[in-house]
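None of the figures in this text is laboratory data; all of them are computed from the coordinates on show. Quick caveat, the model's predicted, so the values are computed rather than measured. Note that each Cβ is placed from the backbone with ideal geometry, even for glycine, and that neighbours are counted across all protein chains shown.
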Amino acid sequence: MTGNGDRHDGLDGDRDVIELLIEQHGQIRALFAELEGAVGDRRRDAFRRLVRLLAVHETAEEEIVHPTVRGTEDGAAIVDARVAEEHRAKELLSTLDKIGPDADGFDTLLIQLRDDVLAHAAHEEREEFPRLREACAPDRLRLMALAVKAAESVAPTRPHPGIESATANLLLGPPMAIMDRARDMIRGALGR
Ligand SMILES: [Fe+2]
Ligand SMILES: [Fe+2]
């Protein structure tokens with residue numbers, strides 16, 4: 001956790017997309033740690049939040065970050081490697097979502113997902129985000145942050161007491177459904 005993960009949305013409107021995505025990397029890391037130590041309902045709840053956060057985060061990067069970086073010099077190879085990592089993570093996430101936190105083998109797959117996702121995030125921060133910053137004006141990077149916020153509204157990734165019900169989870173559906181809705185929100189926010 002970066003320490004400001006639970007700031008109110010209204011107070012962080014000046015952050016750009018890179019700062020926001022790096023903050024989400026911190027939240028993802030913190031959720032994996034929370035899951036490791038949790039049992040029962042707390043574990044199931046932490047896993048649901050991880051599913052939502054990863055679905056929104058990776059979709060945002062696919063829609064916003066990768067297309068821009070792909071257009072930079074030698075950007076295609078960097079983006080292709082990141083997309084392959086994301087594809088693998090999405091498949092693992094879907095498998096974990098299907099079997100559920102109480103299943104045999106969940107822990108082993110979860111550790112694999114954590115290692116893959118955290119390595120992937122480090123690659124993005126080192127190889128991809130600096131290119132994005134170079135390629136875009138500050139105003140554009142702030143506009144992109146608003147699109148990520150729009151995607152977050154599809155599937156709140158921060159704890160909201162009272163809505164962590166089975167019904168709320170059912171309405172959100174599996175990771176792929178969350179990704180589809182997040183994609184629609186991002187395209188709408190970017191005027192596509
Ligand atoms: Fe990513
Ligand atoms: Fe990322």
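Odds and ends about this structure:
- Linear extension gain, ALA33 paired with ASP180, 0.36 nm per residue minus alpha-carbon span: 50.2 nm
- Shown for the stretch 15-185 is the translational diffusion coefficient from the Stokes-Einstein equation, using the Kirkwood radius over Cα pairs, a temperature of 25 °C and a viscosity of 0.890 mPa s: 150 µm²/s.
- Each peptide in 121-133, 56-68, 15-27, 31-43 gets a packing score, the mean of other Cβ atoms within 10 Å over its residues, and the list from highest to lowest is 56-68, 15-27, 121-133, 31-43.
- Nearest-0.05 FRET efficiency for ARG126 and ARG192, computed from C-beta distance (R0 35 Å): 0.75
- Put a plus charge on the Cβ of each Lys and Arg, a minus charge on the Cβ of each Asp and Glu, and nothing anywhere else: the dipole of the stretch 15-185 about its Cα centre is then about 520 debye.
- A dipole drawn for the stretch 111-159 from +1 and -1 charges on Cβ atoms has a positive end, and of ALA122, ALA147, ILE111 the residue lying farthest that way is ALA147.
- Translational D in µm²/s for the stretch 88-147 (Stokes-Einstein at 10 °C, 1.306 mPa s, Kirkwood Rh from C-alpha pairs): 115
- Gain upon complete extension [ALA135, ASP41; 0.36 nm per residue less C-alpha separation]: 29.4 nm
- Computed over the stretch 15-185, relative contact order equals 39 percent, with contacts defined as Cα pairs under 8 Å that lie 6+ residues apart.
- Within-14-Å neighbourhood charge of ARG192 [Cβ basis; K, R +1; D, E -1]: -1
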